[in-house]
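All of the numbers you see were taken from the coordinates with simple rules; none came from a lab. The structure displayed is predicted, hence computed values, not measured ones. Every residue, glycine among them, receives a Cβ derived from its backbone with ideal geometry; neighbour counts consider all protein chains shown.
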Amino acid sequence: MIIDFHTHTFPKKISAGVVEKLASVSHTMPFTDGSAGALAASMRSAGVDWSVNLPVMTYAGQVEKVNTSLIAQQEELRAQGIITFGGIHPDYENYRGELRRLKDAGIPGIKLHPAYQGVDFDDPRVMRILDRANELGLIVITHAGIDIGLYDHDYCSAAQILRVLKEVRPDRLVLAHMGGWARWDAVERDLAGAPVWLDTAFAVGPVTPYPGSDSAPFRSMNLEDADFVRLVRKHGADRILFATDSPWENQTDYIRRIERTPLTESEKRAVFSGNAAALLKIPAVG
């Protein structure tokens with residue numbers, strides 16, 4: 001079994017436009033049009049059994065509408081192998097009620113993106129969300145480190161994460177991009193071994209540039225195989241989640257990138273599916 005713990009989809013009528021806009025900002029090649037149907041087709045081609053869809057709430061006013069739509073689509077998405085999370089914006093005042101609504105609807109977790117939300121990860125508005133999610137047993141996955149399209153500030157640094165771990169003690173916190181994209185030294189020094197999960201999204205191997213785009217900062221900042229394996233083993237392979245960041249990585253190619261590393265077969269099984277299956281509470285078979 002293969003579980004991709006970090007993917008993104010958008011409503012079909014706007015998906016191509018949204019992906020095109022994000023590609024132009026990040027100078028990064030997309031590999032699907034960002035629709036659920038395109039993700040499902042990618043999964044079939046790559047042999048991915050489940051993908052986790054992560055919505056990003058860029059302003060507070062969209063929280064209820066987007067979550068309501070995702071709740072309504074849950075079964076349809078699951079039939080395609082897509083497990084959707086919900087989302088919260090730090091400025092959304094009824095976060096306690098909205099997180100309860102997601103929990104009661106069977107949504108297993110939420111996505112935060114401090115960079116797109118313009119709020120540091122250790123801001124009290126974020127920590128209150130983490131505390132409530134922890135109380136409800138929801139998984140929280142956050143973008144960590146620099147965002148390839150936003151270079152001005154690290155909204156989720158290792159230091160901020162350590163403060164959150166000390167003050168909130170979340171049980172089910174997942175740090176995307178191996179704990180802090182383009183901040184690998186700080187991740188290995190300060191976060192490896194911490195009580196969090198790291199996902200592999202958009203972290204291993206080269207970034208694929210958008211055709212004809214100018215060179216962008218951080219283009220070559222992804223981990224080399226040896227550095228990736230060292231970080232996996234220092235953190236613990238039982239806390240690593242396979243993830244691609246589709247549509248920003250090709251799922252078939254990304255599986256090959258992990259397969260080619262010198263991780264052991266038992267480590268690869270844990271990374272590809274075992275850890276995610278336990279966290280999501282789905283049977284780990286195959």
Item to complete: Would you please put 54-66, 199-211 in order of how densely packed they are, using the mean number of other Cβ atoms within 10 angstrom per residue and starting with the highest?
Response: 199-211, 54-66
Item to complete: Sort the following peptides by mean Cβ neighbour count (other Cβ atoms within 10 Å, averaged over residues), highest first: 262-269, 88-95, 174-181.
Response: 174-181, 88-95, 262-269
Worksheet item: What Kirkwood hydrodynamic radius do you get for the range 13-80 when you take the inverse of the mean 1/r over all pairs of distinct Cα atoms, in Å?
Response: 13.5 Å
Worksheet item: Which lysines have a Cα less than 17 Å from the Cα of LYS166, not counting those fewer than 8 places away in the same chain?
Response: none
Response to the item:
Filtered hits (lysines, Cα-Cα < 18 Å from LYS234, offset >= 8 within chain) -> LYS268
Worksheet item: Going highest first, how would you order 37-47, 135-145, 247-257 by mean Cβ packing within 10 Å?
Response: 135-145, 247-257, 37-47
Worksheet item: Relative contact order for the chain using alpha-carbon pairs under 8 Å, separation at least 6, rounded to a whole percent?
Response: 22 percent
Worksheet item: Among all the lysines, which ones have a C-alpha under 29 Å from LYS21's C-alpha, if same-chain residues fewer than 8 places away are not counted?
Response: LYS12, LYS13, LYS65, LYS111
